[in-house]
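The values are calculated or read from the model by the stated rules, or taken from the named source; none is laboratory data. As the structure is a prediction and not an experimental result, all values here were calculated from the model. Don't worry about glycine lacking a Cβ; one is built from the backbone with ideal geometry, like all the others, and counts go over all protein chains shown. SASA here: full protein model, heavy atoms, side chains in, ligands and nucleic acids out. Shrake-Rupley method; radii C 1.70, N 1.55, O 1.52, S 1.80 Å.
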Amino acid sequence: MSEPVSETVFRGQDLPPAQRWEAWRQMAIASHETSEITTEHTADFDATLRVLGLGAVHVSTLTCPSLGSNRTSRLIRQSDPELYHLTFARRGSIAMDHADRQVVQGEGVLTLSTTSRPYRAQVAPGRDGVANRFTLVQALLPRALLPVPADAADRLLGVPLPAHDGPGALFAQCVDRLAADTTSYAPAQAARLGGVILGLAASLLGHHLDTDHVPSADSRTRRDTLTVRVHAFIEQHLGDPGLGPDLIAAAHHISVRSLHRLFQGQGTTVGAVVRRHRLERARQDLADPALNTRPVHAIAARCGFPRPADFTRSFRTAYGLPPRDYRRLAQGHGPGTPR
(Lines give C-alpha, C1' and ligand atoms only; values in the text may rest on other atoms or scores of the structure.)
Protein backbone atom coordinates (compact mmCIF):
# COMPACT_ATOMS: atom_id res chain seq x y z
CA MET A 1 0.00 0.00 0.00
CA SER A 2 1.06 3.61 -0.58
CA GLU A 3 2.32 5.62 2.37
CA PRO A 4 -0.39 7.72 4.07
CA VAL A 5 -0.43 11.50 3.65
CA SER A 6 1.71 13.13 6.31
CA GLU A 7 -0.13 15.21 8.88
CA THR A 8 1.36 16.43 12.12
CA VAL A 9 -0.73 18.12 14.78
CA PHE A 10 0.37 19.78 18.02
CA ARG A 11 -2.12 20.89 20.68
CA GLY A 12 -0.61 22.54 23.72
CA GLN A 13 -3.52 21.48 25.88
CA ASP A 14 -2.56 17.83 25.36
CA LEU A 15 0.60 18.38 27.45
CA PRO A 16 1.34 19.68 30.95
CA PRO A 17 2.04 23.44 30.85
CA ALA A 18 5.74 23.03 31.68
CA GLN A 19 6.32 20.78 28.62
CA ARG A 20 4.41 22.74 25.99
CA TRP A 21 6.97 25.33 24.91
CA GLU A 22 9.89 22.99 24.26
CA ALA A 23 7.70 20.35 22.58
CA TRP A 24 6.18 22.97 20.26
CA ARG A 25 9.56 24.56 19.49
CA GLN A 26 11.06 21.21 18.49
CA MET A 27 8.10 20.41 16.23
CA ALA A 28 8.23 23.84 14.57
CA ILE A 29 11.93 23.42 13.79
CA ALA A 30 11.48 19.86 12.50
CA SER A 31 8.55 20.72 10.24
CA HIS A 32 9.83 24.09 8.94
CA GLU A 33 13.48 25.09 9.34
CA THR A 34 15.99 25.71 12.08
CA SER A 35 15.63 29.12 13.67
CA GLU A 36 16.09 30.80 17.03
CA ILE A 37 12.56 31.02 18.47
CA THR A 38 11.78 33.04 21.60
CA THR A 39 8.66 33.92 23.58
CA GLU A 40 7.68 35.48 26.87
CA HIS A 41 5.15 32.70 27.44
CA THR A 42 7.38 29.68 28.10
CA ALA A 43 5.68 28.93 31.43
CA ASP A 44 2.35 28.18 29.75
CA PHE A 45 2.69 28.17 25.98
CA ASP A 46 -0.88 27.59 24.78
CA ALA A 47 -0.48 26.95 21.04
CA THR A 48 -1.54 24.71 18.18
CA LEU A 49 0.32 23.72 15.02
CA ARG A 50 -0.95 21.61 12.12
CA VAL A 51 1.28 20.65 9.18
CA LEU A 52 -0.31 18.94 6.18
CA GLY A 53 1.89 17.23 3.59
CA LEU A 54 0.70 17.56 -0.02
CA GLY A 55 3.46 15.75 -1.85
CA ALA A 56 6.50 18.04 -1.79
CA VAL A 57 4.35 21.01 -0.70
CA HIS A 58 3.31 21.54 2.91
CA VAL A 59 0.64 23.78 4.41
CA SER A 60 0.85 24.78 8.06
CA THR A 61 -1.44 26.61 10.47
CA LEU A 62 -0.13 28.13 13.68
CA THR A 63 -2.11 29.68 16.55
CA CYS A 64 0.03 30.95 19.41
CA PRO A 65 0.90 33.82 21.75
CA SER A 66 3.42 36.43 20.59
CA LEU A 67 6.86 35.11 19.67
CA GLY A 68 10.00 35.94 17.74
CA SER A 69 11.93 33.94 15.16
CA ASN A 70 15.45 34.63 13.91
CA ARG A 71 17.13 32.64 11.11
CA THR A 72 20.77 33.60 10.87
CA SER A 73 23.44 33.09 8.22
CA ARG A 74 25.09 30.56 10.54
CA LEU A 75 21.91 28.47 10.73
CA ILE A 76 21.50 28.63 6.94
CA ARG A 77 25.04 27.32 6.46
CA GLN A 78 24.29 24.46 8.82
CA SER A 79 21.06 23.42 7.11
CA ASP A 80 18.82 24.81 4.38
CA PRO A 81 15.69 23.01 3.11
CA GLU A 82 15.61 25.56 0.25
CA LEU A 83 11.97 26.54 0.65
CA TYR A 84 9.86 29.54 -0.18
CA HIS A 85 7.23 30.49 2.39
CA LEU A 86 4.07 32.27 1.27
CA THR A 87 2.48 33.48 4.49
CA PHE A 88 -0.57 35.39 5.61
CA ALA A 89 -1.93 36.29 9.02
CA ARG A 90 -5.46 35.17 9.67
CA ARG A 91 -5.37 37.08 12.97
CA GLY A 92 -2.73 39.48 14.25
CA SER A 93 0.37 40.77 12.45
CA ILE A 94 3.94 39.85 11.52
CA ALA A 95 6.85 42.30 11.52
CA MET A 96 9.63 40.94 9.32
CA ASP A 97 13.13 42.06 8.35
CA HIS A 98 14.09 40.04 5.27
CA ALA A 99 16.06 40.55 2.03
CA ASP A 100 16.87 44.18 2.95
CA ARG A 101 13.19 44.99 3.44
CA GLN A 102 11.18 45.69 6.57
CA VAL A 103 7.49 44.88 6.37
CA VAL A 104 4.64 44.76 8.86
CA GLN A 105 2.20 42.22 7.51
CA GLY A 106 -1.35 42.46 8.78
CA GLU A 107 -4.48 40.56 7.87
CA GLY A 108 -5.26 40.46 4.16
CA VAL A 109 -1.59 40.55 3.04
CA LEU A 110 0.67 37.77 1.72
CA THR A 111 4.45 37.84 2.12
CA LEU A 112 7.07 35.75 0.33
CA SER A 113 10.19 34.69 2.23
CA THR A 114 12.87 32.04 1.79
CA THR A 115 14.80 29.78 4.12
CA SER A 116 17.92 30.53 2.05
CA ARG A 117 18.27 34.10 3.34
CA PRO A 118 18.39 35.40 6.91
CA TYR A 119 15.24 36.79 8.44
CA ARG A 120 14.01 38.19 11.72
CA ALA A 121 10.28 38.06 12.47
CA GLN A 122 8.03 39.01 15.38
CA VAL A 123 4.39 37.96 15.53
CA ALA A 124 1.80 39.79 17.60
CA PRO A 125 -1.78 38.83 18.50
CA GLY A 126 -4.80 40.59 17.05
CA ARG A 127 -7.13 42.99 18.83
CA ASP A 128 -10.38 41.18 18.09
CA GLY A 129 -11.15 40.09 21.64
CA VAL A 130 -9.35 36.75 21.35
CA ALA A 131 -6.93 36.98 24.25
CA ASN A 132 -3.26 36.84 23.35
CA ARG A 133 -3.68 34.79 20.17
CA PHE A 134 -2.10 35.03 16.76
CA THR A 135 -2.98 32.81 13.76
CA LEU A 136 -0.72 32.32 10.75
CA VAL A 137 -1.27 30.21 7.62
CA GLN A 138 1.71 29.30 5.50
CA ALA A 139 2.51 27.37 2.32
CA LEU A 140 5.98 25.78 2.24
CA LEU A 141 7.10 25.51 -1.39
CA PRO A 142 10.32 23.85 -2.61
CA ARG A 143 12.34 26.43 -4.52
CA ALA A 144 13.30 23.84 -7.17
CA LEU A 145 9.65 23.01 -7.96
CA LEU A 146 8.18 26.51 -8.15
CA PRO A 147 7.92 27.27 -11.91
CA VAL A 148 9.27 30.80 -11.50
CA PRO A 149 12.97 31.61 -12.02
CA ALA A 150 14.62 32.03 -8.63
CA ASP A 151 16.16 35.41 -9.43
CA ALA A 152 12.70 36.69 -10.37
CA ALA A 153 10.90 35.29 -7.34
CA ASP A 154 13.60 36.65 -5.05
CA ARG A 155 12.77 40.20 -6.15
CA LEU A 156 9.41 39.77 -4.39
CA LEU A 157 10.91 38.74 -1.05
CA GLY A 158 9.44 40.87 1.72
CA VAL A 159 7.09 42.72 -0.66
CA PRO A 160 3.48 42.94 0.67
CA LEU A 161 1.17 41.14 -1.78
CA PRO A 162 -2.58 41.83 -1.43
CA ALA A 163 -4.66 38.76 -0.53
CA HIS A 164 -8.10 40.36 -0.80
CA ASP A 165 -8.54 40.18 -4.59
CA GLY A 166 -7.07 38.75 -7.78
CA PRO A 167 -4.49 35.94 -7.71
CA GLY A 168 -3.66 36.70 -4.06
CA ALA A 169 -7.23 36.07 -2.95
CA LEU A 170 -7.41 32.82 -4.94
CA PHE A 171 -4.16 31.55 -3.43
CA ALA A 172 -5.04 32.59 0.13
CA GLN A 173 -8.53 31.07 -0.04
CA CYS A 174 -7.23 27.77 -1.37
CA VAL A 175 -4.45 27.46 1.21
CA ASP A 176 -6.71 28.59 4.04
CA ARG A 177 -9.30 25.97 3.08
CA LEU A 178 -6.69 23.21 3.02
CA ALA A 179 -5.24 24.40 6.33
CA ALA A 180 -8.65 24.18 7.99
CA ASP A 181 -9.72 20.92 6.31
CA THR A 182 -9.31 17.73 8.34
CA THR A 183 -9.93 15.43 5.35
CA SER A 184 -7.45 12.57 4.97
CA TYR A 185 -6.28 12.75 1.36
CA ALA A 186 -5.03 9.79 -0.65
CA PRO A 187 -1.38 10.20 -1.72
CA ALA A 188 -2.27 10.85 -5.36
CA GLN A 189 -4.86 13.45 -4.33
CA ALA A 190 -2.38 15.13 -2.00
CA ALA A 191 0.30 15.35 -4.68
CA ARG A 192 -2.21 16.84 -7.12
CA LEU A 193 -3.30 19.43 -4.51
CA GLY A 194 0.36 20.28 -3.95
CA GLY A 195 0.67 20.87 -7.69
CA VAL A 196 -2.36 23.17 -7.57
CA ILE A 197 -0.75 25.20 -4.78
CA LEU A 198 2.47 25.53 -6.78
CA GLY A 199 0.51 26.65 -9.85
CA LEU A 200 -1.45 29.25 -7.89
CA ALA A 201 1.76 30.52 -6.30
CA ALA A 202 3.37 30.84 -9.73
CA SER A 203 0.35 32.77 -11.05
CA LEU A 204 0.43 35.08 -8.03
CA LEU A 205 4.14 35.84 -8.36
CA GLY A 206 3.93 36.16 -12.14
CA HIS A 207 1.12 38.69 -11.74
CA HIS A 208 3.16 40.87 -9.40
CA LEU A 209 6.35 40.56 -11.43
CA ASP A 210 4.46 42.27 -14.23
CA THR A 211 3.34 45.25 -12.11
CA ASP A 212 4.87 48.19 -10.31
CA HIS A 213 4.97 46.18 -7.06
CA VAL A 214 8.52 45.15 -7.97
CA PRO A 215 10.99 48.01 -7.50
CA SER A 216 13.34 46.97 -10.34
CA ALA A 217 11.02 46.00 -13.20
CA ASP A 218 13.25 45.54 -16.27
CA SER A 219 13.71 43.33 -19.30
CA ARG A 220 14.74 40.44 -17.08
CA THR A 221 11.49 40.78 -15.12
CA ARG A 222 9.47 40.74 -18.34
CA ARG A 223 11.36 37.66 -19.54
CA ASP A 224 10.73 35.83 -16.27
CA THR A 225 7.05 36.76 -16.31
CA LEU A 226 6.75 35.51 -19.90
CA THR A 227 8.37 32.22 -18.89
CA VAL A 228 5.76 31.70 -16.16
CA ARG A 229 2.94 32.44 -18.58
CA VAL A 230 4.31 30.10 -21.24
CA HIS A 231 4.56 27.24 -18.75
CA ALA A 232 0.99 27.89 -17.61
CA PHE A 233 -0.24 27.92 -21.22
CA ILE A 234 1.48 24.60 -21.94
CA GLU A 235 -0.16 23.04 -18.85
CA GLN A 236 -3.58 24.18 -20.05
CA HIS A 237 -3.19 22.81 -23.61
CA LEU A 238 -1.40 19.49 -23.16
CA GLY A 239 -4.06 17.56 -25.06
CA ASP A 240 -3.88 19.83 -28.11
CA PRO A 241 -2.03 17.93 -30.87
CA GLY A 242 -1.01 21.28 -32.35
CA LEU A 243 0.79 22.39 -29.18
CA GLY A 244 4.19 23.47 -30.44
CA PRO A 245 6.35 26.55 -31.00
CA ASP A 246 4.01 28.19 -33.56
CA LEU A 247 0.91 27.93 -31.37
CA ILE A 248 2.71 28.96 -28.16
CA ALA A 249 4.44 31.94 -29.78
CA ALA A 250 1.22 33.18 -31.41
CA ALA A 251 -0.69 32.93 -28.11
CA HIS A 252 1.88 35.19 -26.44
CA HIS A 253 2.33 37.62 -29.35
CA ILE A 254 6.02 36.88 -29.83
CA SER A 255 8.02 35.39 -32.69
CA VAL A 256 8.92 31.70 -32.78
CA ARG A 257 12.56 32.75 -32.74
CA SER A 258 12.02 34.72 -29.51
CA LEU A 259 10.28 31.72 -27.96
CA HIS A 260 13.20 29.43 -28.78
CA ARG A 261 15.63 32.00 -27.40
CA LEU A 262 13.61 32.15 -24.16
CA PHE A 263 14.17 28.45 -23.51
CA GLN A 264 17.72 28.37 -24.83
CA GLY A 265 18.57 30.70 -21.98
CA GLN A 266 17.36 27.97 -19.60
CA GLY A 267 19.40 25.23 -21.31
CA THR A 268 16.39 23.48 -22.83
CA THR A 269 14.06 23.54 -25.85
CA VAL A 270 10.36 24.20 -26.41
CA GLY A 271 9.80 20.57 -27.42
CA ALA A 272 11.55 19.23 -24.32
CA VAL A 273 9.47 21.45 -22.03
CA VAL A 274 6.19 20.38 -23.66
CA ARG A 275 7.20 16.70 -23.44
CA ARG A 276 8.17 17.05 -19.78
CA HIS A 277 4.82 18.65 -18.90
CA ARG A 278 2.92 15.95 -20.80
CA LEU A 279 4.80 13.12 -19.15
CA GLU A 280 4.33 14.59 -15.68
CA ARG A 281 0.58 15.00 -16.22
CA ALA A 282 0.37 11.39 -17.47
CA ARG A 283 2.34 10.18 -14.44
CA GLN A 284 -0.06 11.97 -12.08
CA ASP A 285 -3.09 10.51 -13.88
CA LEU A 286 -1.66 6.97 -13.77
CA ALA A 287 -1.15 7.30 -10.01
CA ASP A 288 -4.69 8.59 -9.41
CA PRO A 289 -7.04 5.84 -8.14
CA ALA A 290 -10.02 7.84 -9.41
CA LEU A 291 -8.76 7.22 -12.99
CA ASN A 292 -8.05 3.54 -12.48
CA THR A 293 -10.64 2.41 -15.04
CA ARG A 294 -9.35 4.74 -17.73
CA PRO A 295 -7.11 2.84 -20.21
CA VAL A 296 -3.47 3.81 -20.41
CA HIS A 297 -3.81 4.75 -24.08
CA ALA A 298 -6.68 7.12 -23.20
CA ILE A 299 -4.57 8.84 -20.55
CA ALA A 300 -1.73 9.12 -23.06
CA ALA A 301 -3.99 10.67 -25.70
CA ARG A 302 -5.45 13.12 -23.17
CA CYS A 303 -1.91 14.26 -22.37
CA GLY A 304 -0.92 14.72 -26.00
CA PHE A 305 0.51 11.31 -26.94
CA PRO A 306 -1.72 9.94 -29.76
CA ARG A 307 0.57 6.95 -30.46
CA PRO A 308 0.73 4.47 -27.54
CA ALA A 309 4.13 3.10 -28.56
CA ASP A 310 5.70 6.57 -28.52
CA PHE A 311 4.16 7.22 -25.09
CA THR A 312 5.41 3.94 -23.63
CA ARG A 313 8.93 4.58 -24.89
CA SER A 314 9.04 8.17 -23.61
CA PHE A 315 7.53 7.23 -20.25
CA ARG A 316 9.98 4.37 -19.70
CA THR A 317 12.90 6.67 -20.54
CA ALA A 318 11.68 9.34 -18.10
CA TYR A 319 10.60 7.16 -15.15
CA GLY A 320 12.34 3.81 -15.62
CA LEU A 321 9.11 1.77 -15.94
CA PRO A 322 6.45 1.18 -18.58
CA PRO A 323 3.21 3.07 -17.86
CA ARG A 324 1.23 -0.03 -16.79
CA ASP A 325 3.90 -1.13 -14.34
CA TYR A 326 4.13 2.36 -12.92
CA ARG A 327 0.36 2.45 -12.41
CA ARG A 328 0.45 -0.84 -10.49
CA LEU A 329 3.22 0.39 -8.24
CA ALA A 330 1.84 3.92 -7.71
CA GLN A 331 -1.49 2.53 -6.54
CA GLY A 332 0.01 -0.17 -4.34
CA HIS A 333 -0.95 -3.19 -6.45
CA GLY A 334 2.43 -4.42 -7.53
CA PRO A 335 5.32 -6.22 -5.88
CA GLY A 336 6.85 -3.80 -3.42
CA THR A 337 4.46 -0.82 -3.80
CA PRO A 338 3.08 1.50 -6.88
CA ARG A 339 -0.16 0.30 -10.18
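Using 1/(1 + (r/R0)^6) with R0 = 35 angstrom and r between the beta carbons of residue 294 and residue 122, what's the FRET efficiency to the nearest 0.05? E between residue 294 and residue 122, to the nearest 0.05, is 0.10. With N counted as the residues of the stretch 70-205, its alpha-carbon radius of gyration over 2.2 N^0.38 Å works out to 1.06.
Which of 293, 94, 203 sits closest to the plus end of the dipole of the chain, meaning its Cα is farthest towards the positive end, when Lys and Arg get +1 and Asp and Glu get -1 on the C-beta? Comparing the listed Cα positions along the dipole, 293 ranks first. Karplus-derived 3J(HN,Hα) values for the stretch 267-272, using 6.51 cos²θ - 1.76 cosθ + 1.60 with θ = phi - 60°, are x, 9, 10, 4, x, 5 Hz; glycine and proline are entered as x.
Accessible surface for residue 256 stands near 50 Å², nearest 10, in the context of the full protein assembly shown (1.4 Å probe).
Choose one of 135, 65, 239: the residue whose Cα lies farthest towards the positive end of the charge dipole of the chain (beta-carbon charges +1 Lys, Arg; -1 Asp, Glu; about the Cα centre). Selected residue: 239. Computed from the Cβ-Cβ distance with R0 of 25 Å, the FRET efficiency linking residue 56 to residue 80 stands at 0.95. Applied to the stretch 33-47, the Karplus parametrisation 6.51 cos²θ - 1.76 cosθ + 1.60 on θ = phi - 60° returns per-residue 3J(HN,Hα) values of 7, 6, 8, 8, 10, 10, 7, 8, 10, 5, 5, 8, 7, 8, 9 Hz, with x for Gly and Pro. Taking all protein chains together, 82, 280 sort by accessible area into 82, 280, largest first [probe 1.4 Å]. Charges were assigned to the Cβ only: +1 to each Lys and Arg, -1 to each Asp and Glu. The resulting dipole of the chain about its Cα centre is roughly 1160 debye.
Loop-resident trypsin sites (Lys or Arg not before Pro) (DSSP state other than H, G, I, E or B) in the stretch 52-145 with no more than 11 further Cβ atoms inside 10 Å of their Cβ: 127.
Using the Cβ-Cβ distance between residue 316 and residue 101 with R0 = 56 Å, the FRET efficiency computed as 1/(1 + (r/R0)^6) comes to roughly 0.75. Accessible surface of residue 310, taken over heavy atoms with a 1.4 Å probe and every protein chain present, rounds to 50 Å².
Here the stretch 230-339 is treated as a sphere whose radius is the Kirkwood value from Cα pairs; by Stokes-Einstein at 25 °C and 0.890 mPa s it diffuses with a coefficient of 166 µm²/s. Of the three principal axes defined by the Cα atoms of the chain, the extents in descending order read 66, 52, 37 Å.
Solvent-free Debye calculation, one equal scatterer per alpha-carbon of the stretch 1-110: log10 I(q)/I(0) at 0.15, 0.20 Å⁻¹ equals -0.76, -1.32. Close amide H pairs (under 5 Å, H built 1.01 Å from N) link residue 143 with 83, 84, residues at least 5 positions away or on another chain.
Near residue 159, the amide H atoms lying under 5 Å from its own belong to 112; only residues 5 or more places off or on other chains count, and H is placed 1.01 Å from N.
How large is log10 of I(q)/I(0) for the stretch 74-121 at q = 0.29 Å⁻¹ when the intensity is taken from the Debye formula with one equal scatterer per alpha-carbon? These q points yield log10 I(q)/I(0) values of -1.11.
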